[in-house]
Amino acid sequence: MTTPETATATEAPARTAQHRRYLMCRPEHFTVSYTINPWMEPANPTDTAKAVAQWQKLYDLYLELGHEVELIDPLPGYPDMVYTANGGFVIDGRAYVPKFRFVERAGEAPAFAEWFRAAGFDTVIPEEVNEGEGDFLLAGDVILAGTGFRSTGDSHREVGEAFGREVISLNLVDPRFYHLDTALTILDPVVGAENGGPERANIAYLPHAFDDASRAILEERFPEAILVSDEDGAVFGLNSASDGYNVIISPRATGFDKQLRERGYNPIMIDLSELLLGGGGIKCCTLELRAA
Ligand code: ARG
């Protein structure tokens, strides 16, 4: 009896973890005392000790994976400061400082600016409303920039000038996914080059969080992107952090977990359910510090 020819299974490419340096903020003052996104309900109780314990697991995991984590001191009265992704956008040793949309977070901006200066980064003080890496993601050479709820379209021009890079503006349309990092994640900044193709970042996104025009742009620029289901999007599955191999995701994003494995990534689950009460997840608690 002959064995039927089997089609060679398409092999997932080998992935390598890249070293990362992150900025985090221990959620010592975490609570939900105001509402600036649909996830926040001040009437629901929060548990600060639980938030700290969950956050600690993420912090410990980054160190275990060999990454470096810097800490900024949490300020009393700023319960959202744990979401350091909004504290700036950093490329080549230069930090573009945020200008928060809501007064409740405005006081965080000078604290982040001061931290960057003390740590030796150049700072760019913005004129336009922007919420840092919550809305700006570096995808290879280009900056993907979200607007619709927080950062303005004018900030897209400003961030492009600050770094001398192309900016692709994307319109967010679902209030639950009010920052770009809740709807799109960068998995690996430079795949494709090894096959002689153009250097192109590998990304994953939630299609319905974007308007038609932005979806068309994403399809054209990132034809190999992972499209995440509404179910996985709704549990903040896309609010994840990748080092090019290990992708830290929410344990509820089970479909995304499978998609990542099929592509050769190593998803690791960390539960930040308490921080989700403030409308943030893994990526929100993580700001990448890119050195000069
Ligand atoms: N409560 C915070 C806010 O609404 C959550 C920020 C989440 N950060 C993020 N990068 N998506 O501003």
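Residues whose amide H falls under 5 Å from that of TYR245, counting only those 5 or more places apart or on a different chain, are GLN18, with hydrogens built in the peptide plane. Taking a quarter of the surface of the Cα convex hull of the chain gives a mean projected area of 16.8 nm². Membrane-span-like helices of the chain, defined as complete DSSP H segments with a Cα extent of 20 Å or more along the helix axis and a mean Kyte hydropathy of at least 0.5, are absent. For region 21-288, a crude dipole built from +1 on the beta carbon of Lys and Arg and -1 on the beta carbon of Asp and Glu, taken about the Cα centre, is about 280 debye to the nearest 20. The alpha carbon centroids of region 247-269 and region 166-187 are separated by 19 Å.
Taken about its Cα centre, region 123-246 carries a charge dipole of roughly 40 debye when the Cβ of each Lys and Arg holds +1 and the Cβ of each Asp and Glu holds -1.
Test of understanding: in a Gaussian network model of the chain with alpha carbons linked when under 10 Å, which of ASP60, ASP257, ASP80 would top the mean-square fluctuation ranking? Most flexible of the set in this elastic network: ASP60.
Ranked by how many other Cβ atoms sit within 10 Å of their own Cβ, fewest first, the residues THR147, THR48, THR16, THR182 fall in the order THR16, THR48, THR147, THR182. Our summary gives the chain a relative contact order of 22 percent, counting only alpha carbon pairs under 8 angstrom and 6 or more residues apart.
A simple spin-label model places the labels of ASP47 and ASP92 4.7 nm from each other, with each point 7 Å out along Cα-to-Cβ. Taking the alpha carbon gyration tensor of region 63-189, multiplying each eigenvalue by 5 and rooting it gives semi-axes of 21, 18, 16 Å, largest first. Residue-wise HN-Hα couplings along region 16-25, as the Karplus relation 6.51 cos²θ - 1.76 cosθ + 1.60 with θ = phi - 60° gives them from phi, are 10, 6, 10, 5, 10, 10, 10, 10, 10, 9 Hz; Gly and Pro carry x.
Among GLN56, SER155, ALA216, pick out the residue whose Cα is farthest towards the positive end of the charge dipole of the chain, where Lys and Arg carry +1 and Asp and Glu carry -1 on C-beta, about the Cα centre. Towards the positive end, the residue furthest out is GLN56. The distance between label points at ILE125 and ALA216 comes to 4.1 nm (points 7 Å beyond Cα on the Cα→Cβ vector). The H on the amide N of ARG26, modeled in the peptide plane, is under 5 Å from the matching H of ILE72, each at least 5 residues off or on a different chain.
FYI, it's all coordinate maths here, none of it is from the lab. These figures come from a predicted structure and were not determined experimentally. We place every Cβ from the backbone using ideal geometry, glycine too, and count neighbours over all the protein chains shown.
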